[in-house]
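The structure appears right after this line, and notes come after that.
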Amino acid sequence: MTLTVDVSAQPLSGWGRTAPTTSMVSRPTDTSSIEEVLRTATSGVIARGLGRSYGDAAQCSGGLTIDLAGLDSIGAIDEASGTIEVGGGASLHELMRSIIPSGWFVAVTPGTRYVSVGGAIAADVHGKNHHRDGSFTRHVVEMTIVTPTGTFTVSPEVDPDLFWATAGGMGLTGVVVSATLRLIPIETSWILVDSERFTRLDDLMATMEATDDRYRYSVAWLDCFGHRAGNHRSVLTRGDHAPGAALPDRLQGRSREVPGDPRLRVPRSAPRRLVNRMSVRALNEAWFRASSTAPGSLKPLAGFFHPLDGVGSWNLLYGPDGFVQYQFAVAPERGDLVEEAVAAIASSGILSLIAVLKRFGPGTPGPLSFSQEGWTLALDFPLGPPGLPALLDDLDDLVAQAGGRVYLAKDARLRPELLPVMYPRLADFTAVSRRVDPDGVLASDLSRRLGIVR
């Protein structure tokens, strides 16, 4: 393949750093360059935003990866409709810095703002408000996608099959070069937060079911390490955007403060011995004790939505081997699987540094979109323990048998035979993919590993 776009070989990996591979990387700055790449390619092309998918979704061994950093435009807010047009490579971080001073916020944000708009669509990311507002693509008015057979502007009304296949399609329908997003109005950049501590998981889940709808945002932190025969420490944090009248005088000058850049940065991989039973126990104890239970506490947006973004390259803290983030979703009536998974992790002795529980509202029509109504549990596991692969395989089987699924944006090791079980509409996705990519040009390490399309 001969390109006028400059390319160079580069090792790439996901945020978990578990499966690095090398591909050629192009850095286009306009749509026509991407059209040229896809028109002249024969196989193995995938787009990449900021590299925050945890596994191997945004890399293509021996192929070509399109770095979208150059397509980072941010348009003007249409105040009448509350919408904005942005480039597929624009980060949510820069978007927030642009819109918050005008009294607007993104409708959905994941746990990091260092994700591109194209990546947020490709993974159909979700946030603490899914039970109220759904996933990211629910708030996309339209998007422009470059595919191997042409460039299309699609919406839920115009070619909805391609629109929804792209939502959660992990870049395998084309490259999102721009999108029009629906924003939400805010008076301040602060969140009114209520927190509550629990010592039993069933009490936590019952409270979430009974009260989450009273809040726009809700998330629970779990201490998997401290699980003992039904006794399980957790902290439920819920919140809403604070009105201007809720701010004390000392914060009036900071009423629409924008998120800053990381104040700290991890310079290199931490030693393996840093993550051990003693350090995890101490961290969980400190988190549980430090969680405020005062109702109506004020917290800045960045601290509430993206606490880890305050530390640059925090993924290096897991050591030189990297880590796996494992996230599954099950139906509302299968909350027992959450308890079973937590008990299995606790009894295994394998450390999970982060465990986050949320409730999902109804999902989207996207055949590969992860979020479905019910419960979702996300867990971080440093690589190294010999029993970790077997534990995750066992969890996969439990999730599949319960009609649940794992999140492809975080996956690094799912067995391919479980993909059609977890995503029963896989054939619908394949049909759309073959329509816009009949020669199988689009591919990633993830799609090859799991056998998505061909």
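The values are calculated or read from the model by the stated rules, or taken from the named source; none is laboratory data. As the structure is a computational prediction, the values presented were derived from the model and not from experiment. In this analysis, Cβ positions are derived from the backbone assuming ideal geometry, glycine residues included, and neighbour counts consider all displayed protein chains. The accessibility values were calculated without ligands, DNA or RNA, using every heavy atom of the protein model including side chains. Shrake-Rupley method; radii C 1.70, N 1.55, O 1.52, S 1.80 Å.
Summarising the amide proton neighbourhood of Thr22: residues at separation of 5 or more, or on other chains, whose placed amide H is nearer than 5 Å comprise Leu12, Gly62. Whole-Hz ³J(HN,Hα) for each residue in region 72-77, computed from phi via Karplus 6.51 cos²θ - 1.76 cosθ + 1.60 with θ = phi - 60°, x for glycine and proline: what do you get? With the stated coefficients, region 72-77 comes to 10, 5, 10, x, 7, 6 Hz. With Cα atoms defining each centre, region 1-73 and region 303-368 are spaced 27 Å apart in the structure.
With θ taken as phi - 60° and the Karplus curve 6.51 cos²θ - 1.76 cosθ + 1.60 applied, the whole-hertz 3J(HN,Hα) list for region 180-196 is 9, 10, 8, 9, 10, x, 9, 8, 9, 9, 10, 10, 7, 10, 10, 10, 9 Hz, x standing for glycine and proline.
Please give the charge dipole size of region 70-187, origin at the Cα centre, charges +1 on K and R Cβ atoms and -1 on D and E Cβ atoms. Round to the nearest 20 debye. Walk me through the numbers on the way to the answer.
Numbers: 6 positive and 12 negative charges, 82 e Å.
Result for region 70-187 is approximately 400 debye, rounded to the nearest 20.
Direction-averaged projected area, Cα convex hull, region 70-187: 7.2 nm², rounded to one decimal.
Computed as a quarter of the hull surface, the mean projected area of the alpha carbon convex hull for region 355-454 stands at 7.0 nm².
Using the heavy atoms of the protein chains alone and a 1.4 angstrom probe, what is the accessible area of the chain per residue in square angstrom?
Details: 17890 Å² over 454 residues.
Solvent-accessible surface per residue comes out at 39 Å².
Considering only protein heavy atoms and a 1.4 Å probe, what is the carbon-and-sulfur percentage of the accessible area of the chain? Within the chain, the accessible surface is 52 percent carbon and sulfur.
Residues Leu426, Leu251, ordered by accessible area of protein heavy atoms at a 1.4 angstrom probe radius and largest first, appear as Leu426, Leu251.
If I stretch the segment between Arg254 and Arg425 completely, what's the gain in nm (0.36 nm per residue apart, minus their alpha carbon distance), one decimal? Present the calculation step by step, with values, prior to reporting the outcome.
Values: separation 171, 0.36 × 171 = 61.56 nm, distance 4.72 nm.
This chain segment gains 56.8 nm when fully extended.
The phi torsions of region 358-369, fed into the Karplus equation with coefficients 6.51, -1.76 and 1.60 and a -60° offset, translate into couplings of 9, 9, 9, x, x, x, 10, x, x, x, 10, 5 Hz, rounded to whole numbers, with Gly and Pro shown as x. Only DSSP H runs of four or more residues enter the estimate; each adds -39500 (n - 2.57), and after division by the residues of the chain the mean residue ellipticity at 222 nm equals -7000 deg cm²/dmol. Projecting the Cα atoms of Ser447, Leu388, Ser116 onto the dipole axis of the chain, where Lys and Arg carry +1 and Asp and Glu carry -1 at the beta carbon, places Leu388 farthest toward the positive end. Ordered from largest to smallest accessible area (heavy atoms of protein chains, 1.4 Å probe), the residues Asp133, Asp161, Asp439 come out as Asp439, Asp161, Asp133.
Protection proxy ranking, highest mean first, for peptides 412-419, 235-242: 235-242, 412-419, where packing is the per-residue count of other beta-carbon atoms within 10 Å, averaged.
Among the protein heavy atoms, those of Glu35 account for about 60 Å² of accessible surface (1.4 Å probe, every chain in place). Sorting Val158, Val175 by accessible area puts them as Val158, Val175; the probe is 1.4 Å, largest comes first, and only protein heavy atoms count. Based on C-alpha pairs under 8 angstrom that are at least 6 apart in sequence, the chain has a relative contact order of 18 percent. In the set (i) 22.8; (ii) 20.5; (iii) 24.5, the label that goes with mean projected area of the Cα convex hull in nm² computed for this structure is (ii). Between amide H atoms placed 1.01 Å from N, distances below 5 Å from Ile354 occur with Asp380, all of them 5 or more places distant or on a separate chain.
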